[in-house]
Amino acid sequence: MLDKTSDIAIAAESWLAEFEAALGHDGALEKLFHPDSYWRDALALSWTLQTVNGRDDILKTLKAQAADAAPSGFAIDPDRAAPRKVMRAGTDCIEAIFKFETRLGRGDGIIRLIPDAADGNRLKAWTLLTALEELKGFEEQLGVNRPRGNAYSRDFRGPNWLDLRKASNDYADRDPTVLVIGGGQSGLCIAARLKQLNVDTLIVDRMQRIGDNWRKRYHALTLHNQVQVNHLPYMLFPPNWPTYIPKDKLANWLESYVDGMELNFWTETEFEGGSYDEKEGRWTVTVRRKGETRVMHPRHVVLATGVSGIPNIPDIPGLKNFAGKVVHSSGYDDGESWKGRRALVIGSGNSGHDIAQDLYSSGAGVTLVQRSSTLVVSIEPSAQLVYSPYNEGTLDDNDLIAVSIPLKLARKSHALTCDKSKALDTELLDGLRKVGFKLDFGEDNTGWQFKYLTRGGGYYFNVGCSELLIRREIALKQFADIETFVAEGARMKSGETIPADLIVLATGYRPQEELVQKLFGADVTKRVGPIWGFGDTEELRAMYVRTGQPGLWFIAGGLAQCRIGSKQLALQIKAIEEGLLPRLHAPSFEAAVA
C-alpha cells in the first residue's frame with residue numbers, strides 16, 4: 001500500500017480515470033475490481049438503494065445501469081476530505097471521495113482500494129459507492145441560490161411574509177402534493193428536504209404541539225447518542241448544546257425547526273386512512289383536524305410514524321386480575337406519584353431500564369422483569385464507538401461514509417466494535433451475570449445497532465440502572481418464572497408473590513405492517529410487503545424507496561438515519577413529479593435477467 005499523501009491521491013485519481021474510460025467497454029472493468037468487492041448505489045444509477053456483492057455481479061449490473069444513466073466526469077472532490085489511508089471493517093484501504101455526473105443528476109461517491117495479491121498487488125476497488133446528490137435543473141435553493149423573497153420584500157401593498165406563510169399552511173384552496181403522517185424527526189426531515197425542492201408538503205400529527213412526540217415521553221429521558229450525530233438537515237444544533245440532548249430541549253428545537261424551515265404543519269390532526277386511484281395517480285385520504293373532517297387528494301403519502309406507532313400489549317396470563325395500574329411505556333410520564341409504592345417493569349430494553357431507574361430515583365420499590373436476553377452496553381465509551389467517525393470531519397462527509405458501507409461489511413465492522421465493547425464492559429457484564437441477568441450480543445455478535453435495524457430494540461445503553469441491579473437496589477426477576485398475576489402483583493412459580501401497585505409494560509411496538517393495514521387495508525399491506533429489517537435483501541425493506549404501492553413511502557429511524565434517508569426519499573419524489581422517474585419501481589436488473 002502507498003504511504004505518501006500525494007501517492008495516495010494519484011492512485012485514487014488513476015483508478016477513477018481508468019474506471020470512466022472502461023465504462024461501456026466490455027472486459028476493461030474487470031481489471032479494476034477486486035474479486036471480493038462491493039458496489040452500493042444510492043439512486044445515482046439504479047434509482048433505488050441497492051448493494052451488489054462480488055466482481056462478476058457488479059460488472060453485470062453496472063454495465064446495464066450505466067448504459068442508461070451515462071455516468072461521467074469522475075474526479076476527486078476538492079471540497080471533501082482528501083484521499084487517505086483508513087481502516088474499514090478491519091481492513092486497511094485507500095479511501096477517496098469523488099464527484100461525478102449522470103444524464104439526470106450530479107453525484108458523490110466513495111472508492112476504497114486494496115491490493116489484489118493474485119494480480120501483483122495491483123490496487124483494485126474493494127468498495128464503491130455512487131450516490132445521487134441533486135437533479136440537474138432542480139437544485140436546492142441554498143447559499144448564493146437562496147430565494148430572494150421578491151413576492152413580499154418589495155410589494156408594500158401586497159401580503160407580507162407572515163400573510164403568505166399563513167396562507168401556505170391553511171391549504172384553503174389546494175391540497176398538498178405530499179402528505180406526511182407524523183411530525184417527529186422523520187416527518188420534519190422529509191418535509192424540509194421536499195421544501196428545498198419546491199414540492200408542496202404538509203405534515204399532520206395528532207399531538208397538541210410540535211415536538212410532543214418527545215416532550216410527552218417519560219420525565220428523565222435524554223438521547224443516548226451524542227449531539228454531533230443528531231443534527232437535522234440544514235439547521236445544525238448550536239455548538240454549545242450538551243453532549244446528550246434532553247427530550248424537552250429536543251422537542252422545543254423541533255418546534256423552532258418547523259418555524260425556521262417554514263414547514264407546513266397541522267397539529268391535533270388525525271389521519272384516518274385513504275385509498276389510491278391508480279388511473280389518477282393520487283390518493284383520497286381523510287384527516288380529522290380539531291373535530292372537522294377534510295378530504296384531500298395528495299399524490300404521495302409518507303408514513304413517518306417511526307418503526308411503528310402501535311404499542312405492543314402482549315396477552316399476559318392473569319394480568320387482568322391485577323388490581324393496580326397497568327400502563328404501556330409509551331404512556332408512562334413520571335415516577336414522582338409512585339414514591340413509597342411498588343412497581344413492576346416488564347421489559348429490559350432501554351425504556352424498561354430507564355423507567356425502572358426513574359421510579360427508583362423517585363422513591364419507589366422496583367422490580368425489573370426480563371422477558372428475553374438483552375444486549376447491555378455502557379453509554380460511554382462503548383455505545384458511542386459506532387459513531388466514532390462523527391467525532392472528526394464534516395457532517396456531509398461522515399453521512400456519505402455511513403451510506404457507503406455495504407451490509408456485509410457493516411456487520412463485520414459492528415462485530416469488531418462489539419468485541420471491543422465487551423472488553424471495555426467486562427466488569428459490568430460480569431456483575432449482571434452474577435445477579436441472573438441474561439445477556440446477548442446480537443445475531444452473529446453484531447451488537448446493538450443491528451438489533452435496532454432488525455427488530456427495533458432488545459438492548460440497553462447503561463446510564464446507571466445496571467449498577468442498581470448489580471447492587472440489588474432494583475430487583476430482577478425472569479418473566480419465565482412468573483406463574484400468573486393476581487390482584488396484589490405477580491405470583492411466581494415458586495409460590496412467592498411480588499407485590500406491586502403499578503405495572504409498566506415496556507414491551508415495544510407492533511410491526512409497522514399492522515399500522516398500514518389499519519390505515520390502508522389488506523391489499524395495500526400486501527403490495528408493500530415487509531417493512532424494516534433486512535430479510536434476504538441487502539437494504540432495509542420498504543424504507544426510503546419506492547414500494548409495491550405507488551405513492552406510499554416510509555421513513556423511520558434515529559435522527560442521523562432520517563437525515564440521510566430523507567434526502568434519498570425526497571429526490572425520488574421530486575423526480576417522479578418532474579416526470580423523470582416512474583411511480584412504480586421496476587424489477588431489479590438481477591431479477592430481470594434471472
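The values are calculated or read from the model by the stated rules, or taken from the named source; none is laboratory data. Note that the coordinates shown come from a computational prediction; the quantities given were computed from them, not determined experimentally. Reconstructed Cβ throughout: ideal geometry from the backbone, glycine too, with neighbour counts over all protein chains shown.
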note = Of those in segment 509-525 that are in contact (Cβ under 8 Å) with a residue 60 or more places away in the chain and out of contact with any strand residue (DSSP E or B) (no Cβ under 8 Å at 6 or more places or on another chain), the residue farthest from Pro314 (Cα to Cα) is Glu514
note = Quick count over segment 249-289, residues being assigned to a loop (DSSP other than H, G, I, E, B) and over 22 Å from Phe520 (Cα atoms), is 3
ask   = Which condition breaks for Thr547 when tested against (1) among the hydroxyl-bearing types (Ser, Thr, Tyr); (2) out of contact with any helix residue (DSSP H, G or I) (no Cβ under 6 Å at 6 or more places or on another chain); (3) crowded, with 17+ Cβ neighbours inside 10 Å?
value = (2)
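Any chance you could count how many residues in segment 294-323 are over 21 Å from Gln561 (Cβ atoms) and among the polar types (S, T, N, Q)?
Applying the first criterion (over 21 Å from Gln561 (Cβ atoms)) to segment 294-323 yields 294-299, 311-323.
Next, from what is left, pick out any that are among the polar types (S, T, N, Q): 312, 321.
Of the residues in segment 294-323, 2 are over 21 Å from Gln561 (Cβ atoms) and among the polar types (S, T, N, Q).
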task = Please work out if Ser466 is surrounded by 21 or more Cβ atoms within 10 Å (Cβ to Cβ), hydroxyl-bearing (Ser, Thr, Tyr), in contact (Cβ under 8 Å) with a residue 12 or more places away in the chain and closer than 24 Å to Asp358 by Cα.
result = yes
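Of all strands (runs of 3 or more DSSP E) completely enclosed by segment 308-376, which ones contain at least 3 residues that are touching a residue at least 24 places away in the same chain (Cβ under 8 Å) and farther than 28 Å from Ala556 by Cα? Step through it out loud before you land on a result.
Numbers: elements: 325-328, 342-346, 365-370.
Hits in segment 308-376: 342-346, 365-370.
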Subset of segment 51-80 (residues that are in a helix (DSSP H, G or I) and touching a strand residue (DSSP E or B) at 6+ places or on another chain (Cβ under 6 Å)) = Arg55, Ile58, Thr61
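Does segment 111-118 contain any residue that is in contact (Cβ under 8 Å) with a residue 24 or more places away in the chain, touching an Asp or Glu at 6+ places or on another chain (Cβ under 7 Å) and surrounded by 21 or more Cβ atoms within 10 Å (Cβ to Cβ)? If you could, list the steps in order and put the result at the bottom.
Of all residues in segment 111-118, those in contact (Cβ under 8 Å) with a residue 24 or more places away in the chain come to 111-116, 118.
Then keep just the ones that are touching an Asp or Glu at 6+ places or on another chain (Cβ under 7 Å); that gives 112.
In the following step, the residues that additionally are surrounded by 21 or more Cβ atoms within 10 Å (Cβ to Cβ) were identified as 112.
Yes - at least one qualifying residue is present in segment 111-118.
Counting just the residues of segment 32-64 that are of a type in the set (Asp, Glu) and surrounded by fewer than 21 Cβ atoms within 10 Å (Cβ to Cβ), which one comes out nearest to Ile114 (Cα to Cα)? Don't jump to the end; show me each part of the working.
We begin by selecting, within segment 32-64, every residue of a type in the set (Asp, Glu); these are 36, 41, 56-57.
Checking which are surrounded by fewer than 21 Cβ atoms within 10 Å (Cβ to Cβ) leaves us with 36, 56-57.
Working: Asp36: 10, Asp56: 18, Asp57: 19 Å.
Among those that are of a type in the set (Asp, Glu) and surrounded by fewer than 21 Cβ atoms within 10 Å (Cβ to Cβ), it is Asp36.
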task = Filter segment 14-26 down to residues that are out of contact with any helix residue (DSSP H, G or I) (no Cβ under 9 Å at 6 or more places or on another chain) and not hydrophobic (A, V, I, L, M, F, W, C) and give me whichever is nearest to Ser72 (Cα to Cα).
result = Glu20
ask   = Hey, Glu513 hits all of (1) assigned by TED's automatic domain parsing to the domain that holds Asp200; (2) in a helix (DSSP H, G or I) but one; which does it fall short on?
value = (1)
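Looking only at segment 87-97, decide whether some residue is touching a Gly at 6+ places or on another chain (Cβ under 8 Å), surrounded by 18 or more Cβ atoms within 10 Å (Cβ to Cβ), assigned to a strand (DSSP E or B) and free of Cβ contacts under 8 Å to residues at least 60 places away in the same chain. Break it down stepwise before answering.
Looking only at segment 87-97, we keep the residues that are touching a Gly at 6+ places or on another chain (Cβ under 8 Å), and these are 97.
Add one more test, that the residue is surrounded by 18 or more Cβ atoms within 10 Å (Cβ to Cβ), and what stays is 97.
If we keep only those that are assigned to a strand (DSSP E or B) too, we end up with 97.
Checking which are free of Cβ contacts under 8 Å to residues at least 60 places away in the same chain leaves us with none.
No: zero hits.
Looking only at segment 138-164, which residues are at pLDDT below 80 and surrounded by 13 or more Cβ atoms within 10 Å (Cβ to Cβ)? Let's see the steps before the verdict.
So the first thing to find is which residues in segment 138-164 are at pLDDT below 80, and the list is 148-158.
Hits for segment 138-164 are Ala151, Tyr152.
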key: Filtered residues of segment 216-254 (kept if surrounded by 19 or more Cβ atoms within 10 Å (Cβ to Cβ) and over 20 Å from the mean Cα position of the chain (by Cα))   = Tyr218
